[in-house]
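Below: the structure, in structure tokens.
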Amino acid sequence: MSKNTENSKRIAKNTLMLYMRMLLLMAISLYTSRVILHALGVVDYGIYNVVGGFVGLFSVVSHSVSSSISRFLTFELGRKEDSRLSEVFSAAITIQLLISFIIVVLAETVGLWFLANKMVIPPERMTAAYWVFHLSVATFALTLATMPYRAVIIAHERMSAFAYITIVDGVMKLLIAFAIQMSGADRLVFYAILMALVTVMLRAIYGWYCGKHFSECRYRLSRDKQLITQMFTFAGWNYIGATAAVLRDQGGNVIINLFAGPAVNAARGVSMSVNKAVHGFVSNFMTALNPQITKSYASGDHDYMMRLLYQGARLSFYMLLLLSLPILLNTHYVLDLWLKKVPDHAVLFTQLVLTFGMCESISNPLITAQLATGKIRDYQLVVGGLNMLNLPISYVLLRMGCIPETVMVVAIVVSQICFFARIYMLRNMIHLKAGEYLRRVYFNVIVVTLLSLVLPLLVAHLWPGESFLRFVVLSLVCLLSSFAVVFYIGCNAEERIFVKNKARRLINKLLNR
């Protein structure tokens, strides 16, 4: 059996494990969001989203450092340099401690001033908002301390452990949702306290598992100044891209609060919960795929890396299309079935957020390959610079009187500009054939999407109104239409043969039981 075949099987096995986890977590997450929205109310739910999201603005540094940690750990594993893993891990812990200290100081000074003087919070809920803010800062610092351990597990492709730990996280959050319903205290403050306690527990679990299974997870003060400098330099340039992403997501949430108030933040929070549940399937696939992209680059296997890029981008989009299409055509009914009381703006926000997720999915494998090279300065200056346009453009448009959903429209447009910039930059970085990638990925998914929409839109037009029967029938039509188009138009001959063989083996196993 060839090495690439073994790697492909490992990707499939890890993806299956993560999907089993995701099915459970999706059900838990959607139900938890519904319970919490009902328990807190629209205003408090919006306050938690915008205040917690504002703290997330300070995560820009941590995201860049986290990507640096993952890249260096996975790269050393791909080169089979086990002796360097311990140095990389210790350097990662040292860096994260320093970053945590800086962010806590900034958040508790600049961030606290902004919360008190600029954000739109009802006066009677300001005390609760302060509690949420301080607890969110503490939670964020603990999350930073967990990142090196999480990166080690993913770099070693121990997806079963990753799945079990995140399931524990999901179950604990479900228990929190029930607990706040029965609480006689301020529910918003109580919710923030319990979320912080869950983060403490997760940090302990990650530390225990990594200490037991990976020899490199023994921290000692790193004295390798060259390694720390390399990681900081890498993180420094990656800081641009991380800044752009955080300003787009959390910054967009803040300016929505400035112009529309916490109720609209609640609507956006609902849309993000739906997107998190749907996009989790693709993130699971990419979590399993990313280490192989980095390792194939580190080992010099260019052909295998390119195959992973093409297939990874298309499969990511196809999975999102299959899951998103029924929701996009039944958005109001789905939200009403889920929440009972749908916040204003939630329907359009959900549709736009899902569309944005599909647009981004074809870029994710390219981002991983770019990080694998370690040469990211020019790339981040161009692509990160373009992504930073999201916030100022959105601010100007909202100030001109545009609806809050304009923030997501801007994000979709800018994501497409960034996609073409990535293609252009990666031609020299990884010898990507731009024309071939556009033909085999970009134009492929456009054609698949348009053809998949024909029959569902016809059914939706001929069957107006909302009912459970219409929802079921239209969802089945969406799934059958998109699956047929993906199989016959989206997949090449080799991929269709692979799917048929897997289907035959599965059917034979079921019949022979």
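For a quick check of your reading: which helices (runs of 4 or more DSSP H) sit entirely within the range 385-501 and have at least 2 residues that are aliphatic (A, V, I, L, M) and open to solvent by 20 Å² or more (accessible area, probe 1.4 Å)?
On the way: elements: 390-399, 406-429, 434-437, 443-462, 468-485.
The qualifying helices (runs of 4 or more DSSP H) are 390-399, 406-429, 443-462, 468-485.
Give the residues of the range 149-175 that are charged (D, E, K, R) and assigned to a helix (DSSP H, G or I), sorted by residue number. Spell out the reasoning first.
First, the residues of the range 149-175 that are charged (D, E, K, R): 150, 157-158, 169, 173.
Matches in the range 149-175: ARG150, ASP169, LYS173.
What are the residues in the range 403-462 that are more than 24 Å from the chain's Cα centre (by Cα), over 18 Å from GLY490 (Cβ atoms) and of a type in the set (Gly, Ala, Ser), if any?
ALA434, GLY435, ALA460 - these are the residues of the range 403-462 that are more than 24 Å from the chain's Cα centre (by Cα), over 18 Å from GLY490 (Cβ atoms) and of a type in the set (Gly, Ala, Ser).
Could you list, in sequence order, the residues of the range 176-206 that are at pLDDT below 85, assigned to a helix (DSSP H, G or I) and farther than 22 Å from VAL51 by Cβ?
Passing the criteria: PHE178, MET182.
From the set of residues in the range 369-388 that are over 10 Å from TYR297 (Cβ atoms) and among the β-branched types (Val, Ile, Thr), which is modelled with the lowest pLDDT?
ILE376
Within the range 271-293, identify whether any single residue is modelled with pLDDT of 80 or more and of a type in the set (Val, Ile, Thr), and answer yes or no.
Yes, that holds for at least one residue.
Where the second residue is open to solvent by 10 Å² or more (accessible area, probe 1.4 Å) and of a type in the set (Asp, Glu) and the first is within 13 Å of VAL88 (Cβ to Cβ) and lies in the range 226-239, which pairs have Cβ atoms under 8 Å and are six or more apart or on separate chains?
Going by the 8 Å Cβ cut-off, the qualifying pairs are LEU227/GLU87.
Does the range 466-477 hold any residues that are farther than 19 Å from TRP338 by Cβ and modelled with pLDDT under 90, and which are they?
Within the range 466-477, no residue meets the criteria.
Every residue in the range 344-380 that is outside any helix (DSSP H, G or I) and either among the polar types (S, T, N, Q) or open to solvent by 10 Å² or more (accessible area, probe 1.4 Å) (or both), please. Talk me through it step by step, then tell me what you get.
Filtering the range 344-380 for residues outside any helix (DSSP H, G or I) gives 344-345, 362-363, 374-376.
Result: ASP344, HIS345, SER363, GLY374, LYS375.
Can you list residue pairs whose Cβ atoms sit under 8 Å apart, with the first residue in the range 346-369 being under 18 Å from ARG268 (Cα atoms) and touching a residue at least 40 places away in the same chain (Cβ under 8 Å) and the second being open to solvent by less than 30 Å² (accessible area, probe 1.4 Å) and not in a helix (DSSP H, G or I)? Count only pairs 6 or more apart in sequence or on different chains.
Going by the 8 Å Cβ cut-off, the qualifying pairs are LEU348/GLU405; PHE349/PRO404; PHE349/GLU405; LEU352/GLU405.
Taking the condition modelled with pLDDT under 80, part of a helix (DSSP H, G or I) and buried (at least 22 other Cβ atoms within 10 Å of the Cβ), does VAL88 pass? Full working, then the answer.
Numbers: modelled with pLDDT under 80: yes; part of a helix (DSSP H, G or I): yes; buried (at least 22 other Cβ atoms within 10 Å of the Cβ): yes.
Judged against the criteria, VAL88 is a match.
The values are calculated or read from the model by the stated rules, or taken from the named source; none is laboratory data. Bear in mind the structure is a predicted one, so any value in this text is a computation, not a measurement. Cβ sites come from the backbone with ideal geometry, for glycine too, and all protein chains shown count toward neighbours. All accessible areas refer to the heavy atoms of the entire protein, side chains included, with ligands and DNA or RNA removed. Shrake-Rupley method; radii C 1.70, N 1.55, O 1.52, S 1.80 Å.
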